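Below is one structure; the comments refer to it alone.
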Amino acid sequence: MSKFSTDTLRARLNAENGPAHTNRWEVDLPQISGSTPGGGSVDGGDNKALAELCTAVRIPGKTLVTLDRQLGLEPIKVASGYSFDAFSMTFYLTQTYSARKYFQAWMDLCVNPQPPYTAGFYKDYVKDVTVKQLDKLGAPIYGAKLVNAYPLSINEIELNNQAMGSIGELTVTLQYSDYKIV
């Protein structure tokens, strides 16, 4: 085991163009428009402007799914696939509630908001969402495209008079079928 050295750490960071700063990123949201399952129509608004209101996002992770297997007397776990956790994003709320309206419109493509609340076809509401980590100059250094994403939940918005002057935030959770490194 090697002994820790700040000089070695500094040299490693310099060799790899410095640390990745987690406050430098961009998100690319899909354009949301179309017909709801009940025959209505939705328009999610300006997806580019909405991306600028995103205050927190994560690059997705992947978890191996394993099965227990007995080889002689030795129990082992073997990989049998992988799974993804839900993906969450947080947005500042403006006076027009553009973030809430955008994700509500997307959810309306999934399930009609009017009785009898019919579900839409999967292919009609899934979209790709891309998240990229940026370097100091704003160039992408790593990213992930969430394939076949759709909103799973829109969190409640707390209104209270204790936090005078605070900005409202909206957190949404997306489900997706896979992701690709971009």
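Summary table below
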{"item": "Under 14 Å, Cα to Cα: Lys pairs in the stretch 21-181, sequence gap 8 or more or different chains", "result": "7"}
{"item": "Where labels lie 7 Å past Cα in the beta-carbon direction, separation of Asp128 and Ile167 in nm", "result": "3.0 nm"}
{"item": "Euclidean distance between Cα centres, the stretch 34-100 to the stretch 109-136, Å", "result": "11 Å"}
{"item": "Around Ala86: net Lys/Arg minus Asp/Glu count, Cβ-Cβ under 15 Å", "result": "0"}
{"item": "Degrees separating the helix 98-110 axis from the principal Cα axis of the chain, which is the longest one", "result": "80 degrees"}
{"item": "Per DSSP, loop chymotrypsin sites (Phe, Trp or Tyr not before Pro) in the stretch 97-182 with at most 10 further Cβ within 10 Å", "result": "Tyr117, Phe121"}
{"item": "Label-reachable residues, the stretch 14-35, where backbone N falls under 11 Å from a point 7 Å from Val182's Cα toward its Cβ", "result": "26-30"}
{"item": "Residue-span extension gain [Asn160 to Tyr97] - 0.36 nm each, minus C-alpha spacing", "result": "21.0 nm"}
{"item": "Coil-residue trypsin sites (Lys or Arg not before Pro) of the stretch 112-182, DSSP, other Cβ within 10 Å capped at 14", "result": "Lys136"}
{"item": "Degrees separating the helix 6-15 axis from the principal Cα axis of the chain, which is the longest one", "result": "60 degrees"}
{"item": "Mean shadow area of the stretch 1-149 over all directions, Cα convex hull, nm²", "result": "15.5 nm²"}
{"item": "Segment Ala119-Leu152, length gained on full extension (0.36 nm per residue, minus Cα span)", "result": "10.5 nm"}
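Every number here is computed from the coordinates shown, using simple stated rules; none is lab data. Please read these numbers as outputs of a predicted model, since none were measured by experiment. Reconstructed Cβ throughout: ideal geometry from the backbone, glycine too, with neighbour counts over all protein chains shown.
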